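For reference, the structure is listed below as structure tokens.
Rule-based calculations on the coordinates, nothing more; no lab input. Keep in mind that what you see is a predicted model, and the values were worked out from it rather than measured. We place every Cβ from the backbone using ideal geometry, glycine too, and count neighbours over all the protein chains shown.
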Amino acid sequence: MGLVEGKVALVTGAGRGVGRGEALELAAQGAKIVVNDFGGSMIGEGGDKAPADEVVDLIVSRGGEAVANYGNVANWDDAEAMVHQAIDTFGTLDILVNNAGILRDNSITKMTEEEWDSVIAVHLKGTFNTTHHACVYWQNESKAGRKRRAAIINTVSSAGLQGNRGQANYGAAKAGIAALTIITAIEGKRSGVRANAIAPGGATRMVNAAMPSIPIVEADQVGEDDEFNRLNPGNSAPMVVWLASDEALHITGQVFRAVGDEIAHYRGWSLGPSVKTPKGPRKWDPAEISEAVASMFGYGVSGLNLGG
């Protein structure tokens, strides 16, 4: 018995890279999978059914159950259709893994409106689209007395949580997804929906585009050296399986980093030290703030440097 035996999962962007590893691992642990992949290029152009079909064939050849979906998560109707495909094919939906993404890197001063909009559309809007339609289904199930133990696992990135030069669109989308994850967890609790996110890693097409010296590794490849295996994007998949399972019913609204052999917990945007106006509550005098902020960091005014 696998950790997600009998559950039904929709994995977006599952034809290659991290998503491929997630789909294969979920299937290996007993889930029935809708393998979604538009099959476009890394920048979102074109379309190809082969990546999704290949993952489906792999799952079936290993004794699992899977069907392909070629929809675009950025399209509202396509997102609804893939959710309903899971329900119509396998009878329900238990797990949603949002992984589909593209890159259009550029500096803020050179980035075009189209480069911004296309990345936001796939990552942030796409995650919302599938989340909305899945949560509508789970909410209706709950109202009908069939409350599900449902799980959403979103994909974020250090580019959004810590920042990265040249990725304003991608980083903003990923930071938005982290916030969306937390809000989904708050709103979904009544309907039995948990939402968490992971920042994965591995030698994917996106990493190769930024660092051509790192070759692309597919999740089902196994190498002979530790470095090759450490870069395998499938290494993030076990964390997704665990978060999707009933073993993690107590975990929701959290963001984790799962890269190589290490799992870490993000604690972003937590409040740190604070100061109040001297001599009782009142409006701050701007001239007082330099010393007050310096005191929060334990520096004198002249030694405080919070810039880049």
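List of remarks:
- Extension gain, residue 146 back to residue 57 (0.36 nm per residue minus Cα-Cα distance, nm): 28.8 nm
- Think of the chain as having a plus end and a minus end, set by charges on the Cβ of Lys, Arg, Asp and Glu; of 159, 19, 175, 175 sits farthest toward the positive end of this dipole.
- Beta bridge orientation in the stretch 8-265: antiparallel %, DSSP, nearest 5: 15 percent
- Note on residue 251 and residue 87: the model spin-label points, each 7 Å out from Cα along the C-beta direction, lie 2.8 nm apart.
- Inter-probe distance in nm under a simple model that places probes 7 Å from Cα toward Cβ, at residue 164 and residue 112: 2.3 nm
- Dipole of the chain, positive end: most advanced residue of 101, 89, 191 [Cβ charges, Cα centre]: 191
- Span-rule helices in the chain, defined as complete DSSP H runs reaching 15 Å or more along the axis (Cα) with Kyte mean at least -0.5: 17-28, 50-61, 76-90, 168-188, 286-296
- Value of Rg/Rh across the stretch 8-265 [Cα atoms, Kirkwood radius]: 0.94
- The stretch 21-79: proportion of alpha-carbon pairs further apart than 19 angstrom, %: 31 percent
- Legend: residue pairs 125/189; 7/147; 49/174; 147/189, Cα-Cα distance threshold 19 Å; pairs beyond threshold, 125/189; 49/174.
- Cβ-based net charge around residue 256, under 12 Å, with every Lys or Arg adding one and every Asp or Glu removing one: +1
- Taking every DSSP helix (H) stretch of at least 4 residues in the chain, weighting each as -39,500 (n - 2.57) and dividing the sum by the residue count yields a mean residue ellipticity at 222 nm of -12000 deg cm²/dmol.
- Put a dot 7 Å past the Cα of residue 76, heading toward its Cβ, do the same for residue 282, and the two dots end up 5.3 nm apart.
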